[in-house]
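To keep things clear, I will list the structure first and then write my remarks on it.
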Amino acid sequence: MALVNGSLRAALFDMDGVVTRTAELHAAAWKQTFDEFLRAQAHGAPFRPFDEQTEYRTYVDGKPRQEGVRSFLQEREIAISPDTEALLAGRKDELFERLVKEQGVQTYPSTLDLIQKLRARDVKIGVATSSRHGRAILQSAGIKDLFDACLDGNDLDTLHLPGKPYPDMFLHAAGWLGVTPAHALILEDAVAGVQAGRRGEFGLVVGIDRGGNAAALQAGGADIVVPDLAALGIEDLETAFRARQEEVAWHIEQEGFDRARERQMESLFTIGNGYLGVRGALDAPLPESQSDLFIAGVFDSKRSDLPYSEVEFLTPDRAANTYAELVPLPFPFQLKISIEGQPLDFGGIYGRELRRVLDLRSGVLHSETLFESPGGRRTAVRTQRCASLADPHLLLQEVEVFPENHWGTVQIDAIVDCQDLSTRHPHLERLDHTISGKLELVRYVTRGSAIQICIASRAVLHTSSTMRRLISIFTSRDIENPAEAAMAHLQSFSEKDFDALLEMHASRWKDFWSRADIRVQGRPSIEQALRFGSYHLRLPAGDDARVSIGARTLSGRAYEGHVFWDTEIFMLPFYLHTEPARARSLLLYRHHTLDGARRRARELGYRGACYAWESSVTGDDVTPSKIVLKSTGKEIPIFTGTQQIHVSADIAYAVWRYWETTGDEQFLVGPGAEILFETARFWTSRVTRGERHYHIRGVVGPDEYHHSVDDNAYTNWMARFNLNQAAEAARHLGTNLAEAQEWATLAESLYIPLPDEHGVIEQFEGFFTLADYPLPKAERFKAPVSRLFDWQQINGLKLLKQADVLMLPLLFPTAFSDEIVAANYRYYEPLTDHGSSLSPAVHAAIAARIGLQEDAERYWKQSLWLDLSNAMENSTLGIHPAAMGGTWQALVFGFLGVSFDEEGPHAGPCAAQRLPAGWDRVELSLIYRGRAYPLTVSRTSDKDHR
Ligand code: BGC
């Protein structure tokens, strides 16, 4: 992944044609070598001599000698033995040496001048050349001392490195200089070298065009092309370097195809628009791809032989629930491209190069691929796709196919219907599939829930090499006749609208970023990862109040699309302060599913509403009651479905925060109050009377390693808040006053574990007496999956999966002194294995608050790069939005210590000191009570400049 990173620290030069004027000598030596050979081959007949300009540049420049011979003769379709190849390479070398001796080594003064200026700024200088004479030439030109590292053709051999266009030489040279590629710039005159720089993800690639090569250098990936380095001042270079970093900070790039990581890439490159999400599979997905389309709310019953969340888990008891699982639908962007009958896909053998770029700014996924089919036929394929943010039912796709060095007939099969429904999409039955002219329509229906999904598609040739496709998707959840709607929708556009539709989509993203972007001056790598998080938080948030956001959004199959407390506690604050209307819609989902929560309360024997721990569309609980391990058949009971009842109070908490932040009275009067009241009623029936207090027994707190515990501090605290706020809402609205009194009284007598003499709050009754578990370092952040299998044993250990007591100071920052917060952090942090992605961000926020800067930054980065680094090794099954929301909160409420009053948001008094190392300034915007407030915290001033 291309992750950007900071300042310019090294410059790596190619030698021939950049530092030394030896390129002409090379070209002359090649010409003589090849012409001698071609003449001999022609046996007296006329022959086509080697072209010192074009052929030199295209086939041999920048490459190791023997590879140069091979690539030129291949082009001329001349087959030679390896011995002849070596002979020719040797001949060229001999001629080159002779020319150097005769003519001496000239240098480019402009390059040497730039090197001096860079050195004066402490930028390290390296040279990476395929020439075996590299060192000798620098020596004879008297400039060897200008270079801190020199990697030449001899090193290439000893280190067994592939030559340019592979990036290895540059990467190795950067390694010698102790600099990561993102901090280094490449200066090259050869296309192969420019490509190597781009593939190695270097900070900036400068192409030097000594004549007629500018377009090829640019196409090879040069950021800037100049005729000579005299045209480039050091300031220009630094500006270009920064500009490139800023640009990269708006993109997520993947260079090179890696089959083993493909599913992870599919999750990261998901596109979506609230209504649907499409994983970022290649346009021609691999056979093992999970190239799913997910539509919010399209759930179906679960086949008992298929796994739950982790591939190893089966959940045999859930076949009866019609809305158990979010349905993975067929990939709508599916293409089969072939040239002269040869398929161009990475499942086959012709894939050579792959670059995928997710443009976060405009929500468009680009891919550039290169295929080489028999006879060295090279064909480039470029695609782009998006799910319109302006029109949730619309997908756009564009494909360009360029045969690079041959003529051939290109065939593109753009049928959206999935041929392999029974094995790939067992939830679905095909109702019908029609193609009339350019229009295709396919109708599927889910087997259990009987939801119709209609996909209409129209593909047209835009130019001779470009195909454009519009896809429209409707379901019977949206409209009575979804097929008619999809067709009419598609027919409302003409081919000419494509650019305008793309533009409308991009402008919606622009609008989003105007509210959600966070700028961290001089730290593009941080900006990039924050944008990646905000991008993924935007994807699943739509306008439909009948659905909410699953634990892995619409980006993967883990947790089957189920909605957890993640949404209200971890993600909601992001929406509250960037797009409050979406926060409202998410809470309306909880209102919409209140009946399910009421049913659940009754099933469990209580009153009011008890929200599902795992929820889908009806609000009934869809948590599996047990899992069976595929390999051993061992059964593991799951207690969360019946015991993790804090979710009801979490939702009440979110309702209250929403109301506080927006002042949306209309919401509070209606759905807000109903949620608060019904959940409060649940607690009145769920508590048990003790001698002096009421207690909440038999629960699972946020830390899921302990079940059937009593008086979990988090649950009790949240339940008390729920009761108090229900009472306050009733008084505010002047209704249910008798009940309000009951709720307030119960809140007062509910047992709340208080800090002990060391300031530590006991996680639940008896936690302090559990057995110690010295947590091995290797198990922190990498809790073995098997941990869950030993549930009985773990229940007796002082071992936490995730923040539990520490959730409280995050949600109630003013309720605890810094000393109490610090005492609890010191006690619980070493006991926590962070087996949940929700955990690191909470630890970051708390550590930041109490001034443990190192811990705070470490945890925060863990959370920030959780999916980009696949830290939990399960991003293949979808990204982790709760970690993204948590990261955002840890920055805003932890590091910046933001709080709100009548004047809007304020950064905390220590915000400037708490900024992570290397940050000078952070700028963002927060919406509060209908207004967007800019907020800047900068290290140079200890005040926030709002
Ligand atoms: C965590 C829960 C979380 C769920 C979904 C579990 O591993 O322990 O707190 O709600 O994942 O993200």
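The values are calculated or read from the model by the stated rules, or taken from the named source; none is laboratory data. If you're wondering where the values come from, they're calculated on a predicted model, not measured in any experiment. All Cβ positions, even for glycine, are placed from backbone atoms using ideal geometry, and neighbour counts span all protein chains on display.
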- Task: Please identify the pairs in which a residue from the stretch 800-816 that is within 17 Å of F781 (Cα to Cα) has its Cβ atom under 6 Å from the Cβ atom of a residue that is within 14 Å of the ligand (Cβ to nearest atom) and charged (D, E, K, R), counting only partners at least 6 apart or on another chain.
- Result: L800/D703; K801/D703; K801/E704; Q802/D703; D804/D703
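Please indicate, with yes or no, whether at least one residue in the stretch 931-939 is in contact with a helix residue (DSSP H, G or I) (Cβ under 8 Å, 6 or more places away or on another chain), modelled with pLDDT under 95 and not acidic (D, E). Write out each step before concluding.
Kept after step one, since they are in contact with a helix residue (DSSP H, G or I) (Cβ under 8 Å, 6 or more places away or on another chain), are these residues of the stretch 931-939: 932, 937-939.
Of the ones still in play, those that are also modelled with pLDDT under 95 are 939.
Next cut, not acidic (D, E) only: 939.
Yes, that holds for at least one residue.
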- Name every residue in the stretch 351-388 that is within 28 Å of the chain's Cα centre (by Cα) and assigned to a loop (DSSP other than H, G, I, E, B), in order of residue number. L360, R361, S362, G363, S388
- Query: In the stretch 422-444, how many residues are free of Cβ contacts under 8 Å to residues at least 24 places away in the same chain and part of a strand (DSSP E or B)?
  - Reply: 8
- Task: Output yes when any residue across the stretch 901-914 is under 25 Å from the mean Cα position of the chain (by Cα) and either surrounded by 19 or more Cβ atoms within 10 Å (Cβ to Cβ) or part of a strand (DSSP E or B) (or both), and no when none is.
- Result: no
- Message: Pairs please, first residue from the stretch 657-668 and closer than 18 Å to F721 by Cβ and at pLDDT 95 or above, second anywhere and buried (at least 19 other Cβ atoms within 10 Å of the Cβ) and of a type in the set (V, I, T), Cβ atoms under 9 Å, 6+ apart in sequence or on different chains.
- Response: T661/I927; L668/V655
- Message: Return the residues of the stretch 314-347 that are out of contact with any Lys or Arg (no Cβ under 9 Å at 6 or more places or on another chain) and not in a loop (DSSP other than H, G, I, E, B); say none if nothing qualifies.
- Response: L329, K336, I337, S338
- Pairs returned, first residue in the stretch 185-211 that is assigned to a strand (DSSP E or B), second residue that is basic (K, R), beta-carbon separation under 7 angstrom, 6 or more apart or interchain, are L204/R244; V205/R198
- Item | Failed item in (1) crowded, with 24+ Cβ neighbours inside 10 Å; (2) within 16 Å of the ligand (Cβ to nearest atom); (3) of a type outside the set (A, V, I, L, M, F, W, C); (4) over 17 Å from the mean Cα position of the chain (by Cα), with R600 passing the rest | (2)
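Going through V628, V617 one at a time, which residue ends up being surrounded by fewer than 24 Cβ atoms within 10 Å (Cβ to Cβ) and among the β-branched types (V, I, T)?
Unique residue meeting the criteria: V628.
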- Within the stretch 544-580, count every residue that is more than 19 Å from the chain's Cα centre (by Cα), assigned to a loop (DSSP other than H, G, I, E, B) and either within 14 Å of F512 (Cβ to Cβ) or within 11 Å of the ligand (Cβ to nearest atom) (or both). 4
- Note on the structure: In the stretch 245-304, anything within 19 Å of L868 (Cβ to Cβ) and hydrophobic (A, V, I, L, M, F, W, C) is listed as V248, A249, W250, I252, F257, A260, M265, L268, F269, I271, A281
- Note on the structure: Looking across the stretch 822-845 at residues that are of a type outside the set (A, V, I, L, M), more than 16 Å from the ligand (Cβ to nearest atom) and in contact (Cβ under 8 Å) with a residue 60 or more places away in the chain, the single one that is surrounded by the fewest Cβ atoms within 10 Å (Cβ to Cβ) is Y827
- Query: Of all residues in the stretch 886-913 being of a type in the set (G, A, S) and closer than 12 Å to A845 by Cα, which is nearest to the ligand (Cβ to nearest atom)?
  - Reply: G886
- Every residue from the stretch 686-736 that is within 16 Å of the ligand (Cβ to nearest atom) and outside any helix (DSSP H, G or I): V699, V700, G701, P702, D703, E704, Y705, H706, H707, V709, N712
